[in-house]
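Coordinate-derived values only; no laboratory data. Quantities reported herein were computed from a predicted structural model and do not represent experimental measurements. Neighbour counts are summed over all protein chains in view; Cβ atoms, including those assigned to glycine, are modelled from backbone coordinates with ideal geometry.
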Amino acid sequence: MLCPACEVEMLILEYSNIEIDFCQQCGGIWLDEGELELLLQPGSPNSKLVADLIAGLKNLDKPGMARKCPVCRKKMKPVELSIEPVVEIDKCPYNHGIWFDKGELQQIMSSTGASGKLSEFLNSVFKKK
């Protein structure tokens, strides 16, 4: 799968049977539809916050270079997550997944209170870069 930001082949990292597509060049992460919810531990005390976060994606009408979905190659839409501080990510219009620039997934995890083994895993991967 090609990175939406720099068009190089991404690595597939596996965490708890979830495939995380990671670009070694830019540090970005692609998550297929539904994987963010799985990563942020559904069933935990943060479940409602995670559901609200996903439901609260706000489309941004911004000019600029739209990245292409690595699955369907259609232009993705920039969207904003309603957390503090605000995080802008790219979402496939056909719901194939979500693109996170370097550090954005960790920022979301921190804002939602998600922690534990996933945080340790991501930190171990990204500290090597």
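By how many nm would the segment from Val86 to Gln24 lengthen if fully extended, with 0.36 nm per residue of separation less the alpha-carbon distance?
Gain on extension, Val86 to Gln24, equals 19.8 nm.
What does the charge count around Cys92 come to, taking other residues whose C-beta lies under 14 Å from its C-beta (Lys +1, Arg +1, Asp -1, Glu -1)?
Details: positive: Arg67, Lys68, Arg73, Lys74, Lys75, Lys77, Lys91; negative: Asp21, Asp32, Glu33, Glu35, Asp90.
Net local charge, Cys92 excluded: +2.
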